[in-house]
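Report on the following structure.
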Amino acid sequence: MIIAGYAIRESVRRRVFPIVIVLTGAFLALYAFGVYKAFQSTEAFRTEEIGPGAIVDQQVLFSATLFGLAMFATLFLGTVLAIFLTHAVVRGDTERGLLQPLVVRPVGRTALLGGRFGAAAAVCGVYVVCVYVSTLLITHAVTGWWPDRLVLPAAELVGAVIVLVGLSLLGSVFLSAIANGIAIFMIFGAGLVAGLLGQIGEALNSGSLNTIATVSSWALPFEALYQDGLNAITADTQGFTRAALSLGPFGGAQAAGPSLAPYVLGYLAVLGCAAVFGFRRRDL
Amino acid sequence: MLRTLGPMATAFSAKGLGKRYGNVTALGGVDVSVEEGELVGLLGPNGAGKSTLVKIGCGLVRPTSGYAEVCGAPAGSLEARSAMGYLAELFRFPGWYSADEVLELHQRLADSSGEEAERTELLGLVGLLDARGRRVEDMSKGMQQRLGIAQALVGTPRMLFLDEPTSALDPAGRRTVRGLLEELRRRGVAVLLNSHLLSEVELVCDRVVILDRGVVVTAGRTDELAKPRGVEIEVDGAVRNYEGAGREDVPRIVRELVAAGESVYGVRVLRSTLEEIYLEAVEGDNG
């Protein structure tokens with residue numbers, strides 16, 4: 001708890017933190033402006049008949065698409081924060097001489113790593129929930145639309161960022177701060193590519209692409225969590241509106257099923273064990 | 001808070017301590033011990049293995065062979081870390097912390113019950129009482145080093161590892177640290193002092209251990225290690241050197257000079273300095 005408190009204080013008192021808040025504020029303002037202007041341009045046709053009896057609910061299509069993009073932006077911002085808080089925890093802080101005075105205290109390396117993980121997960125989790133709720137309220141205020149599920153997508157976004165916190169902490173044991181930051185961004189990019197492949201696979205009905213996307217998203221479960229969360233916001237939407245949604249970012253949205261949560265917990269446990277094992281063996 | 005400590009086992013002991021980094025041997029079977037209230041100076045050229053030895057004692061580095069104990073507990077164990085304090089050669093505290101906050105954090109980590117009184121005493125001991133609210137990033141390097149020493153003393157350690165504690169200090173700061181080390185000895189704290197400043201080690205340490213290329217090349221009390229280098233006697237307008245003579249020869253030499261009608265104004269028994277002992281040990285080992 002002492003280490004977690006130290007890490008939270010560190011997060012809040014670093015000069016970059018106010019910058020993150022200002023940038024997030026700017027993103028939310030731009031998002032609100034963008035949603036408002038886009039909604040104005042589509043107000044004339046809230047429902048559109050694209051064929052005999054084939055009706056697309058433009059409100060759902062438009063709102064869910066924008067909110068889905070906002071969820072991606074939220075995940076991206078959460079990832080930036082997660083990397084910023086954890087990329088230098090072990091090797092970076094050792095090279096700067098920050099870690100040694102703490103490690104020689106009777107707290108234990110496992111507790112130190114656990115404290116840093118808990119603090120980063122808490123800060124990133126609160127941040128992601130705040131951005132999620134803000135974009136949700138903005139979307140609703142402009143369009144009057146609510147997602148089909150409110151809590152699950154938020155929880156899965158938080159879970160996705162926590163997975164990235166775990167990956168970044170593990171990387172910090174073995175890689176220098178800069179190398180780790182780059183590596184985690186590349187891993188995040190790989191997850192993004194997996195989502196795009198899924199989207200293309202869905203559009204082209206390609207089994208191979210879908211398999212690659214599915215395997216990749218489970219290997220990097222922050223992507224599976226994001227896809228499942230994305231799927232959840234239109235979980236009850238059916239018919240032609242659903243088909244139209246699949247043409248956009250929702251093409252990559254996949255329901256992961258009940259095994260995702262235990263899988264992610266197991267994945268985090270493996271990451272944690274690997275990080276602790278590596279840290280305990282590391283000469284500082 | 002700093003207290004006078006009761007009796008304990010050997011504060012630090014290393015037996016056959018070895019450490020390899022790949023093909024490089026940093027320590028090749030080192031035996032060192034530091035007793036309660038003893039100040040031991042650890043000397044040696046760059047790359048001799050001094051910092052590695054200190055880091056093994058603190059549990060930062062795992063030995064390849066041999067073992068080390070702090071106050072009877074294996075180095076690096078929770079018990080060992082509870083009994084020791086450490087100042088790293090290269091260390092940094094978060095810049096946004098004040099001096100008082102740094103010590104408060106370490107009090108909590110060390111489970112010290114000293115509270116504000118301990119922080120006040122430690123900051124006073126290192127001459128930072130007026131800077132207790134100053135942020136670390138606004139401190140000079142020397143002030144940060146003094147804060148590092150205060151941090152190492154949090155929780156009344158029985159064994160103190162100091163790795164180059166005075167490298168960034170001005171002469172006044174070094175004098176403060178010397179006084180502090182003498183006070184620690186008086187209170188029974190054992191200190192392993194890794195330093196390149198031979199004059200300081202000579203002034204405060206009870207014993208020295210000289211490492212070179214990972215092995216102990218010389219160890220002992222400085223007065224035992226010092227070799228006689230003759231006697232220097234000041235007579236009428238001249239200084240005469242008696243090489244090979246020792247303290248026990250002085251009365252005879254003075255008697256002979258006086259009998260010969262010379263006036264003796266001063267006598268100095270010459271012994272090798274720590275610098276000479278060090279250079280002889282290191283260069284002799286290399287050459």
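Output the residues belonging to segment A:57-112 that are touching a residue at least 60 places away in the same chain (Cβ under 8 Å) and not in a helix (DSSP H, G or I). Correct list: A:D57, A:H87, A:A88, A:V89, A:V90, A:L99, A:V107.
Here's the yes/no breakdown for (1) under 23 Å from B:S113 (Cα atoms); (2) at pLDDT below 85; (3) buried (at least 17 other Cβ atoms within 10 Å of the Cβ); (4) within 14 Å of chain A (Cβ to nearest Cβ):
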position: B:I149; (1), (2), (3), (4): yes, no, yes, yes
position: B:L160; (1), (2), (3), (4): yes, no, yes, yes
position: B:L193; (1), (2), (3), (4): no, no, yes, no
position: B:H196; (1), (2), (3), (4): no, yes, no, no
position: B:R207; (1), (2), (3), (4): no, no, yes, no
position: B:R221; (1), (2), (3), (4): no, no, no, no
position: B:V231; (1), (2), (3), (4): no, no, yes, no
position: B:G237; (1), (2), (3), (4): no, yes, no, no
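If you check B:P74, B:P45 for being surrounded by fewer than 20 Cβ atoms within 10 Å (Cβ to Cβ) and either over 20 Å from A:R280 (Cβ atoms) or in contact (Cβ under 8 Å) with a residue 40 or more places away in the chain (or both), only one passes: B:P45. Hey, any hits in segment B:4-21 for a residue that's β-branched (V, I, T), surrounded by fewer than 23 Cβ atoms within 10 Å (Cβ to Cβ) and closer than 24 Å to B:P165 by Cβ? Yes, segment B:4-21 contains a residue that is β-branched (V, I, T), surrounded by fewer than 23 Cβ atoms within 10 Å (Cβ to Cβ) and closer than 24 Å to B:P165 by Cβ.
Against the criterion of being more than 14 Å from chain B (Cβ to nearest Cβ), surrounded by fewer than 21 Cβ atoms within 10 Å (Cβ to Cβ) and either closer than 15 Å to A:G166 by Cα or more than 14 Å from the chain's Cα centre (by Cα) (or both), A:R149 qualifies. If you go through segment B:20-42 and keep only what is touching a Ser or Thr at 6+ places or on another chain (Cβ under 9 Å), farther than 17 Å from B:V217 by Cα and among the charged types (D, E, K, R), you end up with B:R20, B:E35, B:E36. When segment B:57-105 is limited to residues that are at the interface with another protein chain (Cβ under 7 Å from one of its Cβ atoms) and part of a helix (DSSP H, G or I), the one that is nearest to the chain's Cα centre (by Cα) turns out to be B:C58.
Of all the residues in segment B:144-201, those that are among the small types (G, A, S) and closer than 25 Å to B:A75 by Cα number 7. If you take the residues of segment A:58-98 that are of a type outside the set (D, E, K, R) and within 14 Å of chain B (Cβ to nearest Cβ), which of them is surrounded by the most Cβ atoms within 10 Å (Cβ to Cβ)? The qualifying residue surrounded by the most Cβ atoms within 10 Å (Cβ to Cβ) is A:V90. Quick check: anything in segment B:224-237 within 24 Å of B:L105 (Cβ to Cβ) and basic (K, R)? Taking every residue of segment B:224-237 in turn, none turns out to be within 24 Å of B:L105 (Cβ to Cβ) and basic (K, R). Only one of the numbered conditions (1) in contact with a strand residue (DSSP E or B) (Cβ under 9 Å, 6 or more places away or on another chain); (2) among the aromatic types (F, W, Y); (3) under 22 Å from B:R146 (Cβ atoms) is violated by B:F93, and that is (1).
Residues in segment A:211-220 that are surrounded by fewer than 18 Cβ atoms within 10 Å (Cβ to Cβ) and either modelled with pLDDT under 85 or of a type in the set (A, V, I, L, M, F, W, C) (or both): A:I212, A:V215, A:W218, A:A219.
Under the condition of being part of a loop (DSSP other than H, G, I, E, B) and among the hydroxyl-bearing types (S, T, Y), which residue from segment B:262-278 is farthest from B:I233 (Cα to Cα)? The extreme case among them is B:T273.
Residues that are on the phi > 0 side of the Ramachandran plot and in contact with a Pro (Cβ under 9 Å, 6 or more places away or on another chain) within segment B:232-287 comprise just one, B:G244.
The values are calculated or read from the model by the stated rules, or taken from the named source; none is laboratory data. These numbers were taken from a predicted model, which means no experiment stands behind them. Note: ideal-geometry Cβ built from the backbone for every residue, glycine included; neighbour counts use all protein chains shown.
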